[in-house]
Amino acid sequence: MGVFDTILRPLEYVVAWIMVQFHALLTLLGMNPSGGLTWILSIVGLVLVMRVLLIPLFVKQIHATRGMQALSPELQVIQKKYKGKSDPASREAMSRETMELYRKHGTNPFASCLPILAQAPIFFALFRVLNNGIRTGTGMGALTTDLALQAKQATFFSAPLSGTFLTSSLTSVKIVTALLIVAMSVTTFTTQKQLTQKNMPASALQGSMAQNQKIMLYAMPLMFAFSGVNFPIGVLVYWTTTNLWSMGQQFYTIRRMPTAGSAAEKAMQERKARKGLQDGAAAASGPAPAEPPKPTGQRVQPKRKDRAKGKPASADSPPGPETSAGNDGTPGSDASAGADPA
């Protein structure tokens with residue numbers, strides 16, 4: 001047993017065990033244990049478990065990517081400083097200053113590849129489970145011989161899960177693998193473009209690093225397209241599913257927490273501005289004025305102020321023009337005031 005086998009063997013048993021558990025659960029829910037869809041969903045379940053376990057690495061990848069974006073202007077300064085200098089001393093100094101810059105920002109270009117690197121052993125372990133455990137019918141770990149033979153006979157659109165484009169003569173295998181290779185390549189391209197273009201500031205879209213990322217953007221889908229003809233259908237399903245997970249995870253993260261200065265941040269600010277205008281218009285219109293309450297019951301009559309009898313008028317309340325107070329305090333007529341009675 002070689003070093004590669006020694007490293008992958010424990011992962012092969014883990015992958016086989018997870019698939020068997022999901023297969024048992026789906027069978028318990030009433031699905032056909034020998035059906036290809038049951039085994040396909042078992043592989044999808046494997047993807048879900050692996051991607052949940054890789055969430056901390058995904059968060060670290062986001063921080064590393066943003067750290068690389070933050071140091072991009074300083075990195076361009078170093079590159080311009082040593083541009084055209086190919087002597088060993090200049091190259092060593094450039095490498096030393098670049099590594100110092102990475103330490104200063106607490107990041108490095110390899111940290112952004114952590115989720116892909118971490119998935120590579122799982123990818124190869126699944127390949128070996130399908131190729132050595134299911135295709136041969138011998139089983140592996142929790143994947144007993146009976147389950148392996150059951151999975152070997154299961155088909156996905158009339159194509160066995162362990163079939164590959166190059167090794168199978170079945171037309172159904174070639175059609176299914178070709179469609180899955182296209183889906184895997186398209187989702188890989190979309191995922192990389194979403195991360196390196198939409199969530200990058202304008203300063204990070206220039207320079208040698210941006211050119212390398214652009215090359216990888218187109219090189220990785222082509223690499224998967226050419227190598228996919230050697231992958232079993234089950235592996236192609238795994239990789240396409242994990243790409244779809246990455247697309248959804250990145251879409252949520254970029255939409256909610258975009259990189260400063262990126263197109264995604266501009267789109268978020270526009271959304272907030274539109275929402276603020278809508279909220280402002282709603283606040284300006286205000287609630288509809290309430291109608292005055294309608295009177296109920298008997299109308300209240302105004303009360304007449306009674307004249308004060310026997311009391312002199314106060315200074316601030318002079319007597320009315322119609323009557324005046326007599327000498328004896330009794331009201332009298334203006335015409336007869338001071339006149340003798342007839």
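The values are calculated or read from the model by the stated rules, or taken from the named source; none is laboratory data. Predicted model only: the values in this text are computed from it and were never measured. Neighbour counts are summed over all protein chains in view; Cβ atoms, including those assigned to glycine, are modelled from backbone coordinates with ideal geometry.
Quick notes on this structure:
- Exclusive hit being assigned to a helix (DSSP H, G or I), under 22 Å from Val176 (Cα atoms) and not β-branched (Val, Ile, Thr), set Leu46, Leu11: Leu46
- Count - residues of region 218-258 that are in contact with a Phe, Trp or Tyr (Cβ under 7 Å, 6 or more places away or on another chain) and surrounded by fewer than 17 Cβ atoms within 10 Å (Cβ to Cβ): 1
- Test: residue in region 100-112 that is of a type in the set (Gly, Ala, Ser), under 19 Å from Ser42 (Cα atoms) and touching a residue at least 40 places away in the same chain (Cβ under 8 Å): no
- Inspection of region 81-92 finds a residue satisfying the criterion of being over 30 Å from the mean Cα position of the chain (by Cα), surrounded by fewer than 14 Cβ atoms within 10 Å (Cβ to Cβ), outside any helix (DSSP H, G or I) and among the acidic types (Asp, Glu).
- The listed residue being surrounded by 18 or more Cβ atoms within 10 Å (Cβ to Cβ) and in contact with a strand residue (DSSP E or B) (Cβ under 9 Å, 6 or more places away or on another chain), out of Met68, Met19: Met19
- Just so you know, in region 30-43 the residues that are in contact with a strand residue (DSSP E or B) (Cβ under 9 Å, 6 or more places away or on another chain) and assigned to a helix (DSSP H, G or I) include one that is nearest to Ala154 (Cα to Cα), and it is Gly36.
- If you go through region 80-124 and pick out every residue that is among the polar types (S, T, N, Q) and farther than 25 Å from Ile7 by Cβ, you end up with 5.
- So Leu57, is it assigned to a helix (DSSP H, G or I) and within 21 Å of Thr191 (Cα to Cα): yes
- Scope region 147-167; condition part of a loop (DSSP other than H, G, I, E, B), surrounded by fewer than 18 Cβ atoms within 10 Å (Cβ to Cβ), more than 34 Å from the chain's Cα centre (by Cα) and in contact (Cβ under 8 Å) with a residue 12 or more places away in the chain; matching residues: Ser158, Leu166
- Residue match in region 3-13 (condition: under 17 Å from Thr253 (Cα atoms) and at pLDDT below 90): no
- Within the set Thr27, Thr6, Thr65, the sole residue that is β-branched (Val, Ile, Thr), in a helix (DSSP H, G or I) and under 30 Å from Ser158 (Cα atoms) turns out to be Thr27.
- In the set (1) modelled with pLDDT under 90; (2) within 26 Å of Leu180 (Cα to Cα); (3) within 32 Å of the chain's Cα centre (by Cα), Leu37 fails one condition alone, (1).
- Selection from region 125-146 of residues that are more than 15 Å from Val47 (Cβ to Cβ), part of a helix (DSSP H, G or I) and out of contact with any Asp or Glu (no Cβ under 6 Å at 6 or more places or on another chain): Asn131, Asn132, Gly133, Ile134, Thr145, Asp146
- Counted residues, region 94-113 - those being in contact with a helix residue (DSSP H, G or I) (Cβ under 9 Å, 6 or more places away or on another chain) and assigned to a helix (DSSP H, G or I): 10
- Put simply, of Leu117, Leu170 the only residue that is more than 17 Å from Gly228 (Cα to Cα), surrounded by fewer than 16 Cβ atoms within 10 Å (Cβ to Cβ) and free of Cβ contacts under 8 Å to residues at least 24 places away in the same chain is Leu117.
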